[in-house]
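As C-alpha cells, the structure follows; a few thoughts come after it.
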Amino acid sequence: MRQIGRLQGVVSAMACQPPCRDLVSKVVKLPGGSNSCRNGPDKDLKGWKEILNTSAGVLQQGGVIGVPTDTIYGVACLAQSSQSIRNIYNVKGRNGTKPLAICVGAIEDIYKYCHVNVPDQLLRDLLPGPVTLVMERSDELNKELNPYTPLVGVRIPDHAFIRQLAQICTEPLALTSANISTQPSTLSVEEFKDLWPVLSLVVDGGPIGDLSSPECRLGSTVVDLSVSGKFTIIRPGCALKQTLETLKNKYGMSSVS
C-alpha cells in the first residue's frame with residue numbers, strides 16, 4: 001500500500017520541470033516472478049498494474065522513462081509524440097541523426113507501422129526476443145521519428161512489462177539504450193543513475209543478466225529485412241547465431257554483404 005500510495009502522486013510529480021530533486025522517488029520496483037520480472041509477477045498483480053498504469057500516464061504527458069527489456073535497460077517515450085521524441089534525444093545527449101527503434105506489444109502491431117515483406121511465421125520465430133528487425137516504415141508512423149530514413153527498427157522484447165506497456169499505451173514506444181551516448185550499456189538501474197535527474201520515472205526490474213559479462217551488454221541483434229528474400233546484419237548483438245540459423249536454414253534467405 002505504501003508504494004501504491006506513492007505511485008498515485010508520481011504522474012504529476014514526474015512531469016515537473018526542473019526535474020524533481022528526490023531522485024529515489026523516481027524509482028519504482030517491479031514485483032518479482034519465477035524468472036525475475038521477465039514473465040510478469042507471481043504475486044502482487046495489483047502492484048504490477050499500478051506501475052504499468054503510472055508508467056503509461058507519465059509517457060502520455062511527454063515523459064521519458066527507464067525500463068527493463070530482455071537484453072539491457074532502455075529509455076522509452078511515445079513514438080507518435082514529436083515532443084517526446086525531442087525529449088528522449090535530450091535525455092541521451094544523442095545526435096539527432098541517429099535512429100530510434102520502436103517497441104510494440106504484439107506481432108500484429110508490426111503490420112500497422114511497417115511494410116512487412118517476410119513470412120508472418122518468420123516474425124513469430126524471432127519475436128518476442130532479443131532481435132531488432134529493420135523494415136520499411138509505413139505512413140502510420142510519426143514522420144518526425146527518424147525523418148531522414150524510410151526504414152525503422154522494431155522490437156518486441158521478451159519481457160512482460162514493456163510489452164504490456166506498449167499495449168496499454170495503444171501506440172509504439174520509441175526505445176533506445178539507457179545510457180549517455182557513447183557510454184556502455186546498462187544491466188541495472190544503478191548503472192544509469194547519472195540519467196535519473198533527466199528521466200521522469202525509472203522502472204526497476206532487477207539486474208538483467210550477469211553484470212560482469214561483456215556479452216550481456218551487447219544489446220539486441222539488429223537485422224535489416226527491408227529487401228525481399230535477403231537480410232543484412234547491422235549489429236551482431238547477443239542473438240546472432242540463432243538469428244542466422246533462422247534466416248538461412250529455415251527460410252533460405254541470403255545475406256547482403
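The values are calculated or read from the model by the stated rules, or taken from the named source; none is laboratory data. Nothing here was measured: the structure is a model prediction, and the numbers come from that model. Quick reminder, even Gly has a Cβ in these numbers, built from the backbone with ideal geometry, and neighbours come from all protein chains shown. Accessible surface is based on the protein model in full, side chains and every heavy atom, while ligands, DNA and RNA are left aside. Shrake-Rupley method; radii C 1.70, N 1.55, O 1.52, S 1.80 Å.
Tabulated data for the structure shown
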quantity: Cα→Cβ-extended label distance, 7 Å offset, between Tyr251 and Lys43, nm; calculated: 4.2
quantity: Violating pairs (Cα-Cα greater than 26 angstrom) within the set Lys26/Lys92; Lys46/Lys112; Lys43/Lys92; Lys112/Lys143; Lys112/Lys230; Lys46/Lys92; calculated: Lys46/Lys112; Lys43/Lys92; Lys46/Lys92
quantity: Shape of the chain, Cα gyration tensor, a/c cut at 1.5; calculated: prolate
quantity: Accessible-area ranking of Ile168, Ile110, largest first, probe 1.4 Å; calculated: Ile168, Ile110
quantity: Gap separating the Cα centres of the stretch 38-95 and the stretch 111-178, nearest whole Å; calculated: 15
quantity: Average accessible area per residue (Å²) across the chain - probe 1.4 Å, nucleic acids and ligands excluded; calculated: 46
quantity: Over the chain: helical MRE at 222 nm, DSSP H runs n ≥ 4 each giving -39500 (n - 2.57), nearest 500; calculated: -7500 deg cm²/dmol
quantity: Label-point separation, Thr232 to Asp210 (7 Å along Cα→Cβ), nm; calculated: 3.4
quantity: Accessible surface of the stretch 165-257, 1.4 Å probe, proportion on carbon and sulfur as whole %; calculated: 54
quantity: Nearest-0.05 FRET efficiency for Lys193 and Lys98, computed from C-beta distance (R0 22 Å); calculated: 0.45
quantity: Ile107-Glu144 pseudo-label distance in nm [points 7 Å out on the Cα-to-Cβ vector]; calculated: 3.4
quantity: Rounded if a/c under 1.5, otherwise prolate or oblate - the stretch 148-202, Cα gyration tensor axes; calculated: oblate
quantity: Net dipole in debye of the chain [+1 Lys, Arg Cβ; -1 Asp, Glu Cβ; about Cα centre; nearest 20]; calculated: 320
quantity: Estimated vicinal HN-Hα couplings, Hz - the stretch 242-248 in sequence order (Karplus 6.51, -1.76, 1.60; Gly, Pro = x); calculated: 5, 5, 4, 4, 5, 5, 7
quantity: Whichever aspartates and glutamates have a C-alpha closer than 15 Å to that of Lys193, once near sequence neighbours (fewer than 8 apart) are set aside; calculated: Asp22, Asp204
